[in-house]
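The values are calculated or read from the model by the stated rules, or taken from the named source; none is laboratory data. Every value quoted in this text rests on a predicted model; they were computed, and no experiment measured them. SASA here: full protein model, heavy atoms, side chains in, ligands and nucleic acids out. Shrake-Rupley method; radii C 1.70, N 1.55, O 1.52, S 1.80 Å.
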Amino acid sequence: MRFRGPISKLFKLRVVNPDRPIASGLSLTATVEYSPEKEENTTDRLVLVSEDDIIEIPLHAFCPACSLQIDSLVDFGSVVANSQVISKEVELTNRGSAPGAFQILYQGDTPLSITPTSGVLAPGSTGVVRVELCTDQPRLVCEEAKVQLQGGADMVLRICVEVVEQVLELLDWSRGESLSCLRFGPTYFGTSRLEKVILVNKGPDASDWVAVLQDDAIGTEAGTDLQRNTCVALLEKDGRDDGIPLDFCGVITCVPNQGRLEPYESTTLSVRFSPGCNRAPKDKGSSVNATKQDFSLFMKFEIVGSKQSFIQQQNTTALPCNGSVELAVTGSGLPLSLTVSPSYSYNFQQCIMGSAGRPTLSLSRPVATSPLDNARTWCCPSSHTRWVFSGCGISWRCWVRWHTWDSSAAQLNLQGFHRIVLHLSAVCKELSARAARTVSPGFSRAVTMATGQSDSVCSGELDTCVGTSSLSLWDSQNPDQNQCVTMKYRTRAQPYSYVDPDFALTDEEDLQRKQHRGRYILFIRALRQSRLERARDRKLAEAQGERDIGIPPAGGLLSPRLSLQDVELDQGDGCVLPHQNSLLTTCALAAMETRADSSLVTGGTNAVPSTAEEVADCRKTLTAQQRYLVVIGPSTVDFEEVCAQSVSVQQLNLVNGLRTHVWVQVEVGCPELQRSSPLSHVLAPLSRTTLPLIFESATLGTFNRSISYTVNGRPSGRVVVQGEVVPVALDLSAPEVVLCPTHGLLAQSSYRGSVTLYNRRNHPAHFTWKPIITDQGIAFSVRPATGTVEAYHELDCEVVWHPSFYSPLEGQFDLCVHQGNTVRLQCVTKVGPCSIQLAEQHMLLGSVPLNFTTIRTAVLRNTGPNHTYFQVFDVYPLPGMLLTPSEGVVPVGGQAEIQVHFTPEAVVKFDTRVEIGVKSSKSLELRLGGYVEPPLVDISVKCFQFHGVHSGSTRALPFSLQNLSSSPACVQFDLSEHGDFAVEFPQDTGTRLESHLYRITVEGLETVDCSLIFSPKQVAAYDFNLPVTLNDIGVPSPPPSSVPKTPCFRDRHIVTPRPQAVTVVTPSRRVQATALRPPLEMSQSSVHFEINPMDVSPAAVELQTLELRNTSQEEVRWRFAWRTPAHGGKEGPFTVSPETGILQAEQSVRITVTFSPALPGLLSVTLPLFLWKEPLHPYRVLFLSARVHAPAITFLPPRIILAPVPLDTPASVTLSLLPTGYPRGSSLRVELEEAELEVGRRVQPFSVILPQGGAIPAQAGGDSEPLTCTIAFCSPEPPLHRLTHHLLGPGRQQVSGRGVCDSG
């Protein structure tokens, strides 16, 4: 035997072929190795050669692969639409040898959640795919999800569920059909009819149900004859003054009125209709005066669970969407009318005792008095029944029996409901022969007669009387009469009791007697309660007393906690809870909830029962009707749109309509509501509280979940919580804003509008306006450009168009909300019609000076209804000419100016045109013309000569500047190299540009008087030409503008300018000056006085001296010449002595300056000094000045405000006084204002304590020390007005203070 290897290189054969034959029973082993190079299946073969036989052994190699398997059906069955999240798990198994990937794709609209939607399974492992469905509404779901499996074909995962609504249905008991109205038909007053219905639970869950009578539903009729005329029925209704409301629960009764139904279970209900007469007849046992009454009532069978409040249900007409069903009940109540003939009174005449009289009467019913002819009755219509009566001296009643309601057995019984009173009279005569008494000795019988007396009779007579009075046995069974039976002490016999109907109380009188007795009982109780309250008040007054023991009221004391036993519940407010067998009514439920709302508990409720009473109440098992009175609602809590990662709060109302404690526990099973707390409440009887549901989610999408709650530990219902988690967003009031001109606004703000940002969600939105910049730019702005809009608020943003000639009329902005949406706003401007014109279309500049700026103004006038925007196309029409502004606006009814600045550099004639563009209108043309003239100015003085000017003195030579041309000329003097010279121009004409640069503009053909000032500082001689420049000729011209000129389609120059070269002649003059040595020296050029009027007497003066010294070698004659001063000249406060004199060489003189103070203030005088006989030019000037100070007191602080203080409590404050200007001292005084109190009395609440009695000490050397003053305030009562006091010094200086007294 030998093995031959495979052909493929992927297989390797490892074998040792024997050289010898293999004996029988032995074997040959070969090993095949497989080494794949890529993932693919390979096939080959081995060859076994055995002697003459050749056997091929196939080889198959498979790469590792996965094998994924999943169930194709997920069936939830039938579930209730209660917004609960239901889930099922599907197993996904990998039976292969390699990991396998899967992916589940679902694109339907059903709220399905499949997790995970993708993944990888290891070999031999099993994964779980969870399918969740929210049962938010009834639907039939049959969805398919595509499942992609690696290494296998795609599969379809079918998800099936039937979501149904938990509803109740009413069926007819006999036919089994759906029932919406139960018709009882006509029924006698005082009787009842019974119908049966079937209540079916058509849901897959068990339900607790309760029956509720809707006594306030639309269409309810009770006690109205619908066949009568409407006006008559309304008048009859308004005429009723009994004020007794009809008890609907007595008309309609359902047994059972609550219960529990298992899934698809049904039960039989008995509905009883018992009409009662709405008007109380005079005889309660008879309905003769009653009329027909129709009833149309509505009752609903509702599933116990979460619901809206009873008050909201009362205000709405639709049924709550919780599976309830409504049943209409109709019926009519009829009176029974029976007639007795021949009369209601019968006389048996005289009869002997032991005999009987038998009159005959007939009992009949009128023909067809009602539609009850087919009713089961023992007295048919128009039938007569003859009765024979025997008896004497009694009143007999006839009762009519009918079906009445037995609440204990929930069935109908035959009982009497109608009675007829017959009056029978008879005379019984006694036999002539009396029978012997056979009564045993020692015993006697007493029979009470009608008169109340007793008489002894024999047994035979007693038997006779008993036999003859047998007709009154029915009367003793009358339940309306209360008879008292007395027994004889010895015989124990029951005496006969007789009630005379003529003297007995009627039912109305008996009811009135009971009402009077009730009123007296209430009156006596009220007197007792008033007496107890007065006694309690006296004890409280004795305990309080008038002495104050220092304990603050209620300091550290806690009020006792009231229990339910201490609170007396008011039963007269309309919220009396129904009995066990009576129906709930919507009005009673609403009244109960109203009372519970008045006992709102905002905090402090127990989470678990703590007291013994709470534990006992919370252990009780509540019936369906009791759990129906515990309102947990609303049934659907809709958060609407909630922003992601924001908090929204909704209130869940917990109302306890029972008179016992209940324990409500809410179970929250979703993370979005985990912040809601507290989830457990112990509700007190007839109270209400709220549970805040806090919702927060970070996942966008629809949220729909249900939370369950328990009452006393028993599951009682669910509350649906729904909402939409959305990102932060802002809405625009309009996607486009059109800006139109607004009349009456300025030109730059006339185009404006607004857009409103609405934040309709619960989170603040941060926004930013981003403009969309185009090639034309943007001329719009939005303010505020960034900001925040609070939740549920709005913000107005102003959109403004900045107008100009080139401003684009459209623009766009993106409203970018941080972590939210982006909205685009389109802005459009509509420019209104305009009309503009030039005030002067041809402007003649006339003669323009050379190299001098000439300014002319062109006026644009707006005669249209809107602002107009213009643009000057060529702002440089000529060399040296500039038009400004290049663009602008002409307001409505106004004008705008275009200034033409022309600085020519050559003499030329010009006539050119300038085009002015107008927005939304045709262009204007401005024509400019004129010629350039060179300047020509002359100086009237041929030469300026200053001979013999002493050093330190000033000499002025006048001259005139005359402009010989018709154009203005600018004359400039540059004396920077001649510092002792200056030019003086007339006031408000020339300017001094720098320290030695003077400029003046002389108009055409104008002459200006000027002066050349020479003020030498040292001995020197000057000889130079006065440097004069005209129109800055020689100064380089400014560089040309970088703004390119606007091309024009036609020649703008009417006359082509041709510049001409000219030479400008400047009016320069020669200046000669000589500076001499000063002959006289003055020690000081100014004298100043600082005067205090308190220093000296009023007649005293102040003196200062100065010295004049002759420094020359010649005799000098000097004098002071008084000019007209501001304060009276020589007779004023200043005096100079001596005023004139002669000084020899090296001689000096002392000048005395005297000042006499008059009034406080600052005084100044200029006194010139002349030498020899010079009348015009002073040698020196002496400046005299004086300041007279007034005394003052500085208050620190200048104003005082005292804090409010209690009555009769002083308050004080310290004040500092700093006196100045009192060298001899002074004194202070205080003026206090009186205050008017509320009682009319006037007092002075302020008091001032001055140091040292108000004396101000003398101040030496001007220094002063502060004085301390104390101001106090105290008032026994609050003043009517605020008070102000004044602290006065010698100069009437004052400081004010205010004080307020608090009565608290």
In Å and on Cα atoms, what radius of gyration and Dmax does the range 21-178 show?
28.1, 100
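Using a 1.4 angstrom probe, figure out how much accessible area the range 776-934 has per residue, in square angstrom, rounded to the nearest whole.
Details: 7040 Å² over 159 residues.
On a per-residue basis, the range 776-934 sits at 44 Å².
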The range 924-1040, accessible surface, carbon-and-sulfur percent (1.4 angstrom probe):
50 percent
Ignoring ligands, DNA and RNA, how do 272, 718 rank by accessible area with a 1.4 Å probe, largest first?
718, 272
Could you tell me the convex hull volume per residue, in Å³, taken over the Cα atoms of the range 574-725?
113 Å³
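Quick check on my link table: of 770/919; 196/620; 88/146; 202/300, which ones sit more than 20 Å apart, alpha carbon to alpha carbon? Before the final figure, lay out each step's value.
Numbers: 770/919 28 Å; 196/620 32 Å; 88/146 17 Å; 202/300 16 Å.
Checking Cα-Cα distances, 770/919; 196/620 exceed 20 Å.
With the full set of protein chains in place, find how many percent of the accessible area of the range 752-808 is carbon and sulfur; take the probe as 1.4 Å. Working shown, then result.
Working: 1560 of 3030 Å².
Ligands and nucleic acids excluded, carbon and sulfur reach 51 percent.
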The range 667-795 pair-distance distribution - Cα-Cα, 10 Å bins, rounded %:
9, 25, 22, 16, 12, 10, 5, 1
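Give the Rg/Rh ratio for the range 1-93, taking Rg as the radius of gyration of the Cα atoms and Rh as the Kirkwood radius, to two decimals. Walk me through the numbers before you get to the answer.
Working: Rg = 26.6 Å, Rh = 18.5 Å.
When Rh is taken as the Kirkwood radius, the ratio is 1.44.
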If you wrap a convex hull around the C-alpha atoms of the range 1142-1188 and split its volume per residue, what is the figure in Å³?
107 Å³
For the range 39-176, accessible area per residue (1.4 Å probe, heavy atoms of protein chains only), Å²:
56 Å²
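Per residue, how much accessible area does the range 713-771 show when a 1.4 Å probe rolls over the protein heavy atoms, in square angstrom? Intermediate values should be presented prior to the final figure.
Numbers: 2690 Å² over 59 residues.
Roughly 46 Å² per residue, with all protein chains present.
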Where does the range 99-189 land on Rg/Rh, using Cα atoms and the Kirkwood Rh?
1.39
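Would you work out what percent of the accessible area of the range 1-103, with all protein chains in place, is carbon or sulfur (probe 1.4 Å)? Mind showing how you got there, number by number?
Details: 3280 of 7030 Å².
Using a 1.4 Å probe with all protein chains present, the range 1-103 comes out at 47 percent carbon and sulfur.
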To the nearest 10 square angstrom, how much accessible area does residue 1265 have with a 1.4 angstrom probe?
150 Å²
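What order do 188, 498 take when sorted by accessible area (1.4 Å probe), most exposed first?
Working: 188 10, 498 75 Å².
Output order, biggest surface exposure first: 498, 188.
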Under a 5 Å amide H to amide H cut-off, with H placed in plane at 1.01 Å, what residues pair with residue 728 once short-range neighbours are removed?
644
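Over the range 1137-1200, what is the relative contact order in percent, taking alpha-carbon pairs closer than 8 angstrom and at least six residues apart? Kindly include the intermediate steps, with their values, before the conclusion.
Numbers: 54 pairs, mean separation 17.8, N = 64.
Answer for the range 1137-1200 is 28 percent.
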